[in-house]
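Notes follow once the structure below has been shown.
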Amino acid sequence: MDNLKEKTAKGLFWGALNNGSTQVLNLLFGICLGQLLSPPEYGIVGVLTIFTAVAGCLQASGFTQGLINMKSPTANDYNSVFWFNISASIVLYATLFLCAPLIAQFFKQPCLVEVSRVVFLSLPLSAVGIVYNAYLIKNMMNREIAILAFWALSLSGVCGILMAYLGFSYWSLVCQQLVYIIVLNIGRLYYVKWRPSLHIDFGPVRRMFNFCVKLLITNIINTLNQHLLTFFFGNKFTIQTVGNYSQANKWNSMAHSTISNTIGQIVQPVLVSVSEEGNRKLHVFRKLLRFTAFLSFPAMFGLALVAKEFILLTIGDKWADCVVLLQILCISGAFFPLHVLYHNMVIAQGKSNYYLWCNVAQIIAQVAAFFLLYKQGIITVVSAYSALNVLWLFVWQVIAGRMIGLRLFGMLRDIVPFMLIALLVMLATYFVTSAVESLVLTLLLRIVIAALLYALVMKLSHAKIMDECIMFLRRKG
């Protein structure tokens, strides 16, 4: 128990360090690129995101999670999945290359023919590193993952900014994506000593297929869920609107993914290790649930609080229209890390069918909401999308109750106190600072006051999660 606790704590520490530094770099590079590029330029690359994301799911095919879910994957297992990914990526790239004119026609942007064909090169490039990444996650090599993310983001960000400064417009975003993947792959090859062999045996792929195909379909659905609005906006609204939404969604995703990725790197390996121990499994999951809520609600509600000042000060008035969208997205963004926790619990239980059908139902609900509401405007659509994501947590809770015995009252008791405290802290901070006119001063005061108030309330309420975090950090120091 103590060994698992220590490994989990170390995994969370390096995961937090990785995602924290990642988002700081994303923040800096995002500000620079936001200053140099316009909403339509962001929109051009933004509408392609759904294609690369879905194609990425297809080439990985759920086998990455399948490898992580195995107790002791062999070299032959890794080799089988590696060559499957390479083969799938080549087929997918050829298909999307031929579809480029149709994509350009759908979005009414002729330049997308050339742009998409270059962007889609990310598929064969990323296919090389998928299995290596699975190896790193399976062995909880979070320190190495953090180092790789830092260098990949740094080099790709500098490349993107330099190209934008030299006037390469949306091509700077394309180049940034490709450089990021290339640097990651080089680093993964350095840290993981395993190498593929030419003895190709697809037997392991066939044995994992039944489990992984459900994960594949679900991953595609999750990807559609994340990029659905960008895709439909690209057809129903102007490219300017797509750019504003892409910018808002980018900052929202950066914030909640900092927590989601920190949790996601350790949840599945930890829960797999206690999969046969019912009471211990429930105890571990609830502790992770409280830790996630402790971080997620103040972070996302805090971003909503300072959204206006942050956007206007960093990337300028030309992005003012994305402020309201960002604030709405932050509400549902606070619940995304909790969704990730439930997703990993279901996968660790080997119940990919539950994972599949729950996500199918969610995407159907979101598509229906879009077509019912898009004529009411972008704010109405984004609000409905956010509300659905919040409410869907209760669907996952029903599944968790059946699998590990987590009751609704127990879940609410774990997360509601953190949610209410974070909400009250942000409201109090807003009223205290509402009379301040300076954007810079308002931003700084709101960050400092909200952080101090939240920490104070946690301390006075004797929140055990906070005390354990402080103790761990003191030991690391």
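Any read-out appearing in this document is the output of simple, stated calculations on the displayed coordinates, not a laboratory observation. The structure displayed is predicted, hence computed values, not measured ones. Every residue, glycine as well, gets a Cβ built from its backbone with ideal geometry; the counts of neighbours run over all protein chains shown.
Couple of notes before you dig in:
- The stretch 135-173 residues near the modelled LYS193 label - backbone nitrogen below 19 Å, point 7 Å along Cα→Cβ: 135-145
- Spin-label model, LEU456/LEU372: points 7 Å from Cα along the beta carbon direction are separated by 4.4 nm.
- Length gained when the stretch SER38-LEU162 is fully extended (0.36 nm per residue, less Cα-Cα span): 43.1 nm
- Whole-Hz Karplus values for the stretch 32-48 come out as 4, 5, x, 6, 8, 10, 9, x, x, 5, 5, x, 4, 7, x, 5, 8 Hz, taken residue by residue from phi with 6.51 cos²θ - 1.76 cosθ + 1.60 and θ = phi - 60°; glycine and proline positions read x.
- Computed helical MRE - 222 nm, the chain, DSSP H runs ≥ 4 contributing -39500 (n - 2.57), nearest 500: -29000 deg cm²/dmol
- The stretch 60-97 and the stretch 284-323: distance between their alpha carbon centers, rounded to Å: 35 Å
- Backbone phi angles across the stretch 161-172, fed through the Karplus curve with coefficients 6.51, -1.76 and 1.60 (θ = phi - 60°), yield HN-Hα couplings of 5, 4, 5, 5, 5, 7, x, 7, 6, 5, 5, 5 Hz in residue order; Gly and Pro are listed as x.
- From the largest down, the chain spans 69, 58, 46 angstrom on the principal axes of its Cα atoms.
- Kirkwood hydrodynamic radius over Cα pairs of the stretch 279-408, then Stokes diffusion coefficient at 4 °C and 1.567 mPa s, in µm²/s: 79 µm²/s
- Computed about the Cα centre, the dipole magnitude for the chain is approximately 1100 debye when only Lys and Arg (+1) and Asp and Glu (-1) carry charge, each at its Cβ.
- Applying 0.36 nm per residue to the separation of ILE379 and SER72 and subtracting their alpha-carbon distance, the gain on full extension is 105.7 nm.
- Using the empirical formula 2.2 N^0.38 Å as the baseline, the Cα radius of gyration of the stretch 328-477 reaches a ratio of 1.30.
- Measuring between alpha carbons in the structure, the pairs from LYS236/LYS375; LYS308/LYS375; LYS351/LYS464; LYS138/LYS351; LYS281/LYS459; LYS287/LYS464 lying more than 21 angstrom apart are LYS308/LYS375; LYS351/LYS464; LYS281/LYS459.
- Across the stretch 396-411, coupling constants 3J(HN,Hα) worked out from phi with the 6.51/-1.76/1.60 Karplus curve, θ = phi - 60°, read 4, 5, 4, 5, 4, x, 6, 8, 10, x, 7, 8, 4, 4, x, 4 Hz, and Gly and Pro carry x.
- Contour minus Cα-Cα distance for LEU27 and ARG207 (0.36 nm per residue): 60.6 nm
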